Amino acid sequence: MPRREFFKKAATVAGSAVVGSTLAEASEVPSTGHPIDNRKVADIAFPQKRPLITYSDRPPLLETPREVFAQPITPNDLFFVRWHMPMIPTYINPHKFHITIDGEVETPLRLSLASLKKEFEAVEITSVLQCGGNNRSAFHPTPGGIQWGPGAMGCAKWKGARLKDVLAKAGLKKGASWIKFNGLEKPVYTKTDGFVRALELEKLHDQIIIAYEMNGEELPYLNGFPVRLILPGFYSDSWIKMLSNITVTSSKPQLHFMDHAYRIPDNDCECETPDNLAPKTKPIEEMNVNSLIGYPVSGTKVKANAQLIVRGVAFDGGHGIVKVEISIDGGQSWQEAKLDDGKQGSYAYRSFSHTLTPKKSGSLTIMAKATNTKGETQPFAYEVKWNRGGYKFNGIDEVTVEVVA
Ligand SMILES: Nc1nc2c(c(=O)[nH]1)N[C@H]1C(S)=C(S)[C@@H](COP(=O)(O)O)O[C@H]1N2
Ligand SMILES: [Mo]
């Protein structure tokens, strides 16, 4: 599409967004249709948390504000929170807590937290945890579900036992093919399906762990104390919190939250339109390439002719980030940002920084675009293919700052 046309199209999209029009019009650079950040943190905080953007308090649905992503590790007390069921246990005694492993195993196990720590090799992995619906509100038309901005994600250092080692101790029976995971919370009505997820045994690998530590501390209660499943590279719908039961099965279990939620169109573009929904769907699974600017945030006043250091994070499903580029002319030209040393590993955030000097006063839109080792990159926000669940949004990020003389 010729540049003119696509900017025209983008302007229409921005104009139709709830909050998009005024800033887009004020800017000299045409907007790409990315929503403007307008979310505010709540006045009150949940236990073990600082105030976060709050969508619901029962169950708690909390989003991390953008400025937290100027750093490559997300602090526990600023980490986002998502629960499906409102009945979350109000107290768990770590000395009495057990996780059971049953089903198609030779020896069913009942492991205490202490034995999980003692009997299995402890491994550590730094990994991004991102909700499949992160940035759902950027889709047009907006799909139903929590209207997340870009902060339904975080990156932490997780420590725990390999799921593989725990299953080996129980001994898998011949014919074992799926692993089912259940947490401790309950639906309000007994007839409502619990949040149970399953993983195909084929997809088990060494870096899937049952974590009891997050950034060197116990997991915050709302992030799954005392243990949760870590599936590096996969969207977090299967990262079961307060994990209390693992059941091995010989066939694919029928589960509401596997068969009806967290699915995308099973076609090449993983896309559909509201009036032409794809007939077949598949689980969302591996994360696509994405990036977010943590500093500056939209609305920040910056000085003309002074250095501005743009900072943020980039990541994908584990292939690794090779490049982050910054544009200040609406995506017509790009400059490569500096990346960190990558020592946190390919499942972690790769942080970037880029120094620029705004010349003119007025509003300035800064965009960031990441590319991974497979050459996969981010489309403009208005180019992102739509799906009914609002999953996997990875449009080029942008913030609009105010340059003052
Ligand atoms: N037990 C349990 N685990 C769960 C969920 C849940 O509702 N219950 N939600 C999943 C989803 S969809 C997300 S996005 C992540 C959120 O993890 P967090 O609350 O630690 O950020 O937890 C996952 N694990
Ligand atoms: Mo999620």
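Just so it is clear, none of the values below were taken in a lab; they were calculated from the coordinates. Predicted model only: the values in this text are computed from it and were never measured. Backbone-built Cβ (ideal geometry, glycine too); neighbour counts: all protein chains shown.
With contacts defined as alpha carbon pairs under 8 Å and 6 or more residues apart, what's the relative contact order of segment 290-404 in percent?
36
Each of ILE293, ILE309, SER250 was placed along the dipole of segment 248-325 (beta-carbon charges, centred on the mean Cα), and the one lying farthest toward the positive end is ILE309.
Subtracting the Cα-Cα distance of LYS282 and HIS260 from their residue separation scaled by 0.36 nm leaves 6.9 nm.
On C-alpha positions alone, give me the angle between the axis of helix 3-16 and the longest principal axis of the chain, in degrees, nearest 10. For helix 3-16, the angle is close to 70 degrees.
Sorted from greatest to least, the principal axis extents spanned by the alpha carbons of segment 121-205 come out as 48, 37, 24 Å. The modelled label-to-label distance for the pair ASP77/GLU402, using points 7 Å beyond Cα in the direction of Cβ, is 3.1 nm. Over the chain, what portion of Cα pair distances is larger than 42 Å, expressed as a whole percent? Taking all Cα-Cα pairs of the chain, the fraction more than 42 Å apart is 14 percent.
If you run the Gaussian network model on the chain, springs between alpha carbon atoms under 10 Å, then out of ALA261, ALA156, ALA70 the most flexible one is ALA261. Taking every alpha-carbon pair under 8 Å whose residues sit at least 6 apart, the chain reaches a relative contact order of 18 percent.
Each of ASP329 and THR249 was given a label point 7 Å from its Cα along the Cα-to-Cβ line. The distance between the two points is 5.6 nm.
Largest mean-square fluctuation among ASP341, ASP316, ASP165, in a Gaussian network model of the chain whose springs join Cα atoms under 10 Å apart, belongs to ASP341. Give the shape of segment 290-404 as rounded, prolate or oblate, defined through the alpha-carbon gyration tensor: a ≥ b ≥ c are the square roots of its eigenvalues, a/c under 1.5 means rounded, and otherwise the shape is prolate if a/b is larger than b/c and oblate if not. The shape class here is oblate.
When the chain is treated as a GNM, springs tying every alpha-carbon pair under 10 Å, which of PRO65, PRO150, PRO279 comes out with the largest mean-square fluctuation? Sorting by GNM fluctuation, first place goes to PRO279.
Size of the dipole of segment 290-404 about the Cα centre, Lys and Arg at +1 and Asp and Glu at -1 on the beta carbon, nothing else charged, in debye to 20?
It comes to approximately 120 debye.
Under a 5 Å amide H cut-off, with hydrogens placed 1.01 Å from N, GLN378 pairs with ALA370 among residues at least 5 apart or on other chains. Computed from point charges on the beta carbon alone (+1 for Lys and Arg, -1 for Asp and Glu), the dipole magnitude for the chain about its Cα centre is near 380 Debye. Overall, segment 216-290 carries a charge dipole of about 320 debye about its Cα centre when +1 sits on the Cβ of Lys and Arg and -1 on the Cβ of Asp and Glu, all other atoms neutral. LYS280: which aspartates and glutamates have alpha carbons under 18 Å from its alpha carbon, excluding same-chain residues fewer than 8 sequence positions away? Straight-distance partners of LYS280: ASP259, ASP266, ASP268, GLU270, GLU272. Available extension along the chain between LYS301 and SER112 is 62.8 nm, counting 0.36 nm per residue and deducting the alpha carbon span. For segment 373-405 versus segment 45-78, the inter-centroid distance based on Cα atoms is 22 Å. For the cross-link pairs LYS117/LYS169; LYS49/LYS191; LYS173/LYS241, which exceed 24 Å when the distance is taken from alpha carbon to alpha carbon? Pairs exceeding 24 Å: LYS49/LYS191; LYS173/LYS241.
The distance between label points at GLU124 and ILE44 comes to 3.7 nm (points 7 Å beyond Cα on the Cα→Cβ vector).
Fraction of C-alpha pairs exceeding 12 angstrom in segment 276-318: 74 percent, rounded to a whole number.
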